[in-house]
């Protein structure tokens, strides 16, 4: 037992090296570089996207990492395990996504793959938020492997089979990660949650550390929602829409936090989390021609729903459904992710995008939530055997 | 009273959505994209500026936010209210600046607007530093609306009417924000400042949190001073000059901090603030052909003046002028902003720039300080009624 | 004595201003800009590199700065002195490197110089880690001047005379900085180390502050290793290789931390430091065509070696060699830097790069370690006189 974690970690790293040796190579489209063309070159595109990649990278490691430091006794575990899970997950994400998308050829590793690899780790980090303080490193390691495989499968289904659109991944990352984590948390509930309760408190300093995570996530969300968008108009819209959705969300989240909190005060959990819901909810529609004011409406709704979720749904989940959601990921990623999917259906109804159909968007939403719940339920028990 | 803040916040957000619905649309210059031109395209320019925008974004939300966590009891308020004020301010900044600059047409929202929107929030965040710990969220909300309107008016006057140059906004943002805040602080003084005194202390951890703000502001200041500069030579000079001005400022600020502190020790307030004065002071001249060594002279002077201000002026302001400046914004933004304006006059005298005249620069400086003081005095009383 | 530090700092800043006035000017290649060329312009290249520069800038000031906050009583000194040393060092780095490389002409200051200036400060900040808590600001000031001069000399020897390749500076920065610092620490040992011992502890919060440094270093390391690489294929490989080397390193560092720690727990010192060794070790080979899986092997080895170094070598150094290495820079920068140099020799043997020869790489490694040790020994005594 003492050596389970180190041996599994080493074994997985050896496995990753073998898989990369067999299936991965550098992107070779560089060799097609033609100096006389006036088109933008691959190299220039690399450098346009690299800053966006780094923004996403900061979100994954600083944003998610420090957001999970709010518990007084799990601060170091939060940011440490976050680093471990993401470092494992990005390697595994390259392999699982690469094999599905490369049609039997070698995986060509360039800027797009490493952005998508970072994305795939986000699903596990969101789920981690639901089980924080209740899992060991070895359980997180198993969850990382299983969840990213499920994510890659669902993402392939949504993007390639349904041909649905989900540029900011409201459905395929946020809703998926949240419902996967909730399903695991539901399974884990039976095996002695109560002993964790007395540590479920924050301190003044732990709340400030968590704000580092919040603020970096908030700042760089426009890059998350636009990193893999089509260059030009669509990518720029994704940035602008996310910028305004987040700004509007802050106002409604602060307002409702004050409304539902005793004495009209602001609740730190709401400030740390609900202010981000606008980034999640505008994700699916981010690159559509919806107008900035519609992005602000989406963000405003997400801020309200998220605060109300923290106030009323989370206690209800714990009491009635026996699902204990440590960070409240259902309110930050689950509900706003579903809002994102629904918003895209409304946008298509109103003729704002011809990229997908109502049926395909609905299928994508259903598939993301469904795969996540089934995947989480199947993953849960495997974690108790250890 | 209990519902004043949430209802005002919600009302303002609804108002913003209506204003954006009526007056704002995506930038449409994308449609003019010509694939065969060798000129740099709008889309490429977007991606050149996007990283600079994100640097400014980090300064606004992480830099200003964490700089205000140094008080042991206002850490969470500092960073939380900073987020709220900036999220409101950037929406309002788009509208006020947009209406002034778009000559009756719809506001075309692209990368330049969102950079300028972030800039406009900086004025309020600077003023917030002067009144930190003495205001309620609702007072900050009112100040945000009034100050950004005044800022947009003054900025239009300086840039369009006077045709003055102020690329890093030493005068229009830094001096303006500081003197506006000081005027408000002067008005507020009468209504019971003393009760705030016992909490005016920092702790070891709160000082380290504040250093997060300091360091991110210091790092990204070259992006602040260059983000809206002319592409090419001027933009690059703005980056290089700011880089060296800040480096020189650190040396003189440390030296004078040791000189004026008991026992030759370093004073944490000086390290957190005066090291940034070089970024403020070089702002107006940043894109001029002044030579790197002149940028270093400007930074060196700013570091000295800022430390001396903290040591001698701030206590004097509190005792004699009855103006209590919590963060010492006069020393970080006020005096260095004035130095920036004066430096631009010297630079024009010495033939380093033909973009403006001595008279116009003097008018810009006078207008920025004057509008700020009048605006602050008029804003102050409105805040006591609540 | 009371005025030694401020007077020396002011004197140095005046000296820098004079040197910049005499020897530095803005880069003038802008004037060669030809609007009709289809080649990428200097201005576009500036903007491709500026985000990478800012990533490196964050590593220097946030990464190194906060990594040194882990000691409970030196947190503020760590990040404060880091800022001072880097601000002085970058000015001095421009001058020393510029004079060596500009062949008697004026130093043309552009994006490459400021990247290299930041790099040169990294050597001193690494050495600072070996002597943290044992030196005064004035000692750091002297070390900055002497070490950067030695670094510039060695870097010229390695790059221009040997024509060796070291794109991520495993040898010229990391190994150099570590062995320089160890040599100084060895000299300083005699003059009363023991009084510092009781403060050599971390607290829960100081460990979290240090993680801010770790995570930002980890995130932006691909930019460090690629910032001065050849545009196109090589620069992209440098990014991709570093990304995977770091990810692999995290897994082996966590695994071995658990293996060598009592009860299979994770050791915070290992998480804070050894997870970064992969970035150091892949540096020299980063732009070579080594395949991603080889980068992962290099990172895996570095993670193992670094943890074993912390566990077994550091205590041995203190006890047997009388070298007290506060942050364990030997394990994070020294050994992984040497691994980087050796890896490049293996890569050349295997035909992965034709840029250099085995002999020249070996000479570069020997020169970097040798110059550092001699330089450190010569610098050490000068620091005791104060």
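The values are calculated or read from the model by the stated rules, or taken from the named source; none is laboratory data. Here the structure is a predicted model, which is why all the values come from computation and not from measurement. For neighbour counting, all protein chains shown are included, and Cβ atoms are generated from backbone atoms with ideal geometry for every residue, glycine included.
Count of the stretch C:250-268 residues, restricted to those that are at positive phi and facing chain A (nearest Cβ under 7 Å), is 1. Only one entry in A:150, A:169, A:185 is touching a residue at least 60 places away in the same chain (Cβ under 8 Å) and surrounded by fewer than 22 Cβ atoms within 10 Å (Cβ to Cβ), namely A:150. Within the stretch B:100-112, is there a residue that is more than 10 Å from chain A (Cβ to nearest Cβ), in contact (Cβ under 8 Å) with a residue 12 or more places away in the chain and crowded, with 23+ Cβ neighbours inside 10 Å? Within the stretch B:100-112 (the criterion being more than 10 Å from chain A (Cβ to nearest Cβ), in contact (Cβ under 8 Å) with a residue 12 or more places away in the chain and crowded, with 23+ Cβ neighbours inside 10 Å), the answer is no, since none of the residues qualifies. Flag: residue A:348 matches the condition of being in contact with a helix residue (DSSP H, G or I) (Cβ under 6 Å, 6 or more places away or on another chain) and without any contact (Cβ under 8 Å) to a residue 40 or more places away in the chain.
Scanning the stretch B:255-268 for residues that are part of a helix (DSSP H, G or I) and out of contact with any helix residue (DSSP H, G or I) (no Cβ under 6 Å at 6 or more places or on another chain) gives B:262, B:263. Residue count for the stretch C:1-44 satisfying the condition of being assigned to a helix (DSSP H, G or I) and either modelled with pLDDT of 70 or more or in contact with a strand residue (DSSP E or B) (Cβ under 9 Å, 6 or more places away or on another chain) (or both): 24. Tell me the residue from A:274, A:318, A:286, A:364 that is crowded, with 21+ Cβ neighbours inside 10 Å and closer than 29 Å to residue A:209 by Cα, please. That would be A:274, the only listed residue that is crowded, with 21+ Cβ neighbours inside 10 Å and closer than 29 Å to residue A:209 by Cα.
If you go through the stretch B:276-290 one residue at a time, do you hit one that is touching a helix residue (DSSP H, G or I) at 6+ places or on another chain (Cβ under 8 Å) and within 7 Å of another protein chain (Cβ to nearest Cβ)? No, the conditions are met nowhere in the stretch B:276-290. Summed over the stretch B:211-242, the residues that are over 19 Å from residue C:82 (Cα atoms), more than 16 Å from the chain's Cα centre (by Cα) and in contact (Cβ under 8 Å) with a residue 12 or more places away in the chain give a count of 10. Filter the stretch B:146-171 down to the residues that are farther than 13 Å from residue B:100 by Cα, within 13 Å of the chain's Cα centre (by Cα) and assigned to a helix (DSSP H, G or I) and list them by number. Residues satisfying the conditions are B:147, B:170, B:171. Only a single item in (1) at the interface with another protein chain (Cβ under 7 Å from one of its Cβ atoms); (2) under 21 Å from the mean Cα position of the chain (by Cα); (3) touching a residue at least 12 places away in the same chain (Cβ under 8 Å); (4) under 18 Å from residue C:118 (Cβ atoms) is not met by residue B:271, and it is number (4). Residue count for the stretch C:4-21 satisfying the condition of being exposed (fewer than 14 other Cβ atoms within 10 Å of the Cβ) and at the interface with another protein chain (Cβ under 7 Å from one of its Cβ atoms): 0.
Residues are listed down the side, and each one gets a yes or a no for (1) surrounded by fewer than 22 Cβ atoms within 10 Å (Cβ to Cβ); (2) without any contact (Cβ under 8 Å) to a residue 60 or more places away in the chain; (3) farther than 15 Å from residue A:379 by Cβ:
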{"site": "A:98", "(1), (2), (3)": "no, no, yes"}
{"site": "A:123", "(1), (2), (3)": "no, yes, no"}
{"site": "A:126", "(1), (2), (3)": "no, no, no"}
{"site": "A:129", "(1), (2), (3)": "no, no, yes"}
{"site": "A:138", "(1), (2), (3)": "yes, no, no"}
{"site": "A:146", "(1), (2), (3)": "yes, no, no"}
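Only one of the listed residues (C:70, C:84, C:76) is crowded, with 22+ Cβ neighbours inside 10 Å, within 14 Å of chain B (Cβ to nearest Cβ) and part of a helix (DSSP H, G or I). That residue is C:84. Residue A:231 falls short on exactly one of the conditions (1) touching a helix residue (DSSP H, G or I) at 6+ places or on another chain (Cβ under 7 Å); (2) facing chain B (nearest Cβ under 7 Å); (3) not in a loop (DSSP other than H, G, I, E, B), and that condition is (3). Among the residues examined, residue B:47 qualifies as assigned to a helix (DSSP H, G or I), at pLDDT below 95 and in contact with a helix residue (DSSP H, G or I) (Cβ under 9 Å, 6 or more places away or on another chain).
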